[in-house]
Amino acid sequence: MLISILEQLINGLRTGSIYALIALGYTMVYGIAKMINFAHGDIIMVGAYTLYIGIALLNLSIPISILLTVIVCSVVGVAVEKIAYKPLRNAPPLAVLITAIGVSYFLQSVSLLIFKATPIPFNSVINLQSVKFGSLNISGITIVTLIVTTISMIILTLFINKTKAGTAMRAVSEDKGAAQLVGINVNKTISMTFAIGSALAALAGILYICQYQTLKPTMGALPGIKAFVAAVLGGIGSIPGAMLGGIVLGIIESLSKAYISTELSDAIVFGVLVVVLLVKPSGILGKKQNEKV
Amino acid sequence: MPHMLKIKNLNVYYGHIHAIKGISLRVEEGEIVSLIGANGAGKTTTMQTISGLLRAKSGSIDFMGRNLMKTEPHKIVELGIAQVLEGRRVFANLTVKENIQMGSYTVKDSLEGLRQARKDIYDKFPRLRERKEQLAGTLSGGEQQMLAMGRALMTRPRLLILDEPSMGLSPLLVKEIFEIIKEVNKSGVTVLLVEQNAKMALSVSDRAYVLETGKISIEGKAEELMKNESIKKAYLGA
Ligand SMILES: Nc1ncnc2c1ncn2[C@@H]1O[C@H](COP(=O)(O)OP(=O)(O)O)[C@@H](O)[C@H]1O
Ligand SMILES: [Mg+2]
């Protein structure tokens with residue numbers, strides 16, 4: 001029993017840390033551009049297909065394919081911002097929201113046109129043996145996922161808090177006007193935010209596809225929406241909040257799948273979100289004043 | 001020699017609201033010039049248009065002979081105009097030290113040079129040194145004003161614009177802030193000062209403009225304006 005709970009917790013931690021990587025993109029973009037980038041989940045799909053192209057079609061090595069995936073996702077993320085969102089900087093939030101949903105459909109349609117609707121099987125690029133602790137069995141993919149997400153989060157945290165560019169990002173998210181008047185280029189900072197968020201989504205996409213091993217054009221939607229919930233749960237705009245929200249959500253999902261019902265697990269996840277927002281509308285680690293999402 | 005700052009026939013709108021109606025003014029190198037006027041006259045609008053945060057519909061703004069009408073705000077900072085915005089606008093969730101560091105964001109200098117620049121700021125505002133590691137949001141109003149000024153000075157401006165630096169401060173602090181403004185000016189920085197506290201502003205200025213509902217109604221030497229009957233009545237409370 002104890003072992004089973006422990007296994008479920010570890011599973012939850014694995015899925016949750018992937019949600020957390022994606023949630024970071026939502027929360028950073030929200031912090032800087034004050035918008036919900038609903039196309040963010042589809043960057044996971046772009047990443048998964050890019051990895052597939054690199055490995056299966058171009059026969060590139062795994063490290064090169066991973067690098068290619070991260071670069072392509074960053075470029076797509078930055079391009080989406082420049083083409084679709086930047087012209088709407090001063091537009092009403094509803095227009096931005098509808099545009100973001102449009103971008104999401106656009107990315108899915110492009111991938112549907114190129115790769116068709118039939119799911120493509122894909123073999124995991126992570127070939128690490130599972131590790132046994134007594135009767136507790138931890139899969140190689142879990143270990144790699146936890147290591148990659150932990151390192152990514154540490155680097156991101158150091159970058160945001162200790163570097164000049166990271167401090168400038170925090171300054172822009174607080175007060176764009178004042179940031180411009182110390183000489184910060186707000187457009188560049190926004191591009192950088194989209195690039196970093198998309199790079200994290202690329203990593204999440206790689207880890208995700210190694211776990212689920214099937215490619216389809218809509219594959220980014222579900223992890224995307226869950227990660228969005230995670231970001232809101234943790235407090236949208238808060239970086240530690242996105243990390244915490246992702247992990248909490250992953251664990252709740254895993255435990256409810258194992259001990260309550262697979263069908264109900266999503267309902268439970270959203271139920272938890274509703275309860276948290278009723279008790280603390282700004283999310284677990286969110287700031288007090290917060291705009292409606 | 002060109003004027004340091006020259007504004008001609010500037011018109012600024014908020015949607016259909018015509019906030020600035022064809023004003024012209026100039027600032028010469030080394031001066032302290034103040035812009036006084038009642039609440040809502042358009043002072044902040046004028047200053048933010050100079051810095052590029054707002055865009056004019058027509059007219060011209062030239063700084064050191066260069067047209068700024070299409071220059072991006074962060075480029076204007078690099079050209080040498082710094083502005084302390086109305087309400088200070090320090091980065092509340094950044095520490096005092098980080099706020100000061102952000103001031104030198106575009107400054108190209110050695111690490112040693114930047115360290116010296118920060119030291120100069122802390123010497124000018126010793127209270128900031130004591131609170132270096134504190135979040136800026138936890139500072140008092142006067143300290144935030146000093147931080148905003150320190151941050152602006154870190155950009156190494158040739159022209160420093162201050163929008164209502166005395167707002168909400170005790171008379172003692174106002175005096176202290178104005179002493180610092182005079183000092184900064186003596187060190188070679190030209191100052192354009194926006195104030196509702198006309199008495200204080202005129203006492204440190206070389207020249208001044210009076211703004212009334214988007215138009216300049218009176219301009220001249222500060223000492224002459226101080227004796228002007230209508231200014232005395234409207235702005236000096238005499
Ligand atoms: N964001 C805005 N939208 C619409 N009108 C504005 C805005 N900001 C200022 N105004 C109007 O423009 C005029 C000038 O305002 P402002 O420049 O702030 O004056 P001051 O700084 O002299 O108090 C006022 O009538 C004010 O109501
Ligand atoms: Mg004002």
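Throughout, read-outs are computed from the coordinates displayed, never taken from laboratory work. Keep in mind that this is a model prediction, so the values were computed, not measured. Every residue, glycine as well, gets a Cβ built from its backbone with ideal geometry; the counts of neighbours run over all protein chains shown.
Quick notes
- Amide H partners (placed H, <5 Å) of B:V84, local residues excluded: B:I161, B:L162, B:D163
- In the stretch A:21-220, lysine pairs with alpha-carbon atoms under 19 angstrom apart (chain gap of 8 or more, or interchain): 13
- Of all DSSP beta bridges confined to chain B, the antiparallel ones make up roughly 55%.
- The alpha-carbon positions of the stretch A:96-200 define a convex hull whose volume is 182 Å³ per residue.
- For the stretch A:200-212, putting each phi into the Karplus relation 6.51 cos²θ - 1.76 cosθ + 1.60 with θ = phi - 60° gives couplings of 5, 5, 4, 4, 4, x, 5, 5, 5, 6, 5, 7, 9 Hz, in residue order, rounded to whole numbers and with x for Gly and Pro.
- Difference of contour (0.36 nm per residue) and Cα-Cα distance, A:T118 to A:E263: 49.7 nm
- For the stretch B:34-148, pairs of C-alpha atoms spaced more than 26 angstrom apart make up 32 percent of the total.
- Kirkwood Rh in Å, taken over the stretch A:128-270 so that all alpha-carbon pairs contribute: 17.4 Å
- Dipole axis of the protein assembly as shown (+1 Lys, Arg; -1 Asp, Glu on Cβ), positive-most option in B:T45, A:T145, A:Y212: B:T45
- Peptides A:110-119, A:46-55, B:36-45, A:128-137 ranked from most to least packed, by the mean per-residue count of other Cβ atoms within 10 Å: A:46-55, B:36-45, A:110-119, A:128-137.
- For the stretch A:214-252 versus the stretch B:21-57, the gap between their alpha-carbon centres in whole angstrom: 47 Å
- The Cα atoms of the stretch A:1-139 give a gyration tensor whose axes a ≥ b ≥ c have a/c of 1.5 or more with a/b no greater than b/c, which makes the shape oblate.
- Cα centre as origin, Lys/Arg/Asp/Glu Cβ charges: the stretch A:21-220 dipole, Debye: 220 debye
- Every helix of 4 or more DSSP H residues in chain B counts as -39500 (n - 2.57), and over all residues that averages to -11000 deg cm²/dmol at 222 nm.
- Two-decimal Rg/Rh across the protein assembly as shown, once Rg and the Kirkwood Rh are taken from alpha-carbon atoms: 1.07
- Per-bin percent of Cα-Cα distances, chain A [10 Å]: 7, 28, 36, 22, 7, 1, 0
- Lys-Lys pairs in the stretch B:48-150 that are eight or more residues apart or on separate chains and whose Cα atoms lie under 26 Å of each other come to 15.
- Within the straight-line cut-off of under 14 Å between alpha carbons, the aspartates and glutamates reachable from B:K21 are B:E212, sequence neighbours fewer than 8 places apart in one chain being disregarded.
- Applying both filters, DSSP loop and at most 15 other Cβ atoms within 10 Å, to the trypsin sites (Lys or Arg not before Pro) of the stretch A:4-110 gives A:K34, A:R89.
- Cα-based equivalent ellipsoid, the stretch B:155-238: semi-axes from gyration tensor eigenvalues, Å: 22, 15, 12
- Size-normalised alpha-carbon gyration radius of chain B, reference 2.2 N^0.38 Å: 0.99
- Selection from B:L25, B:S187, A:T99 lying farthest towards where the dipole of the protein assembly as shown points positive, charges on Cβ: B:L25
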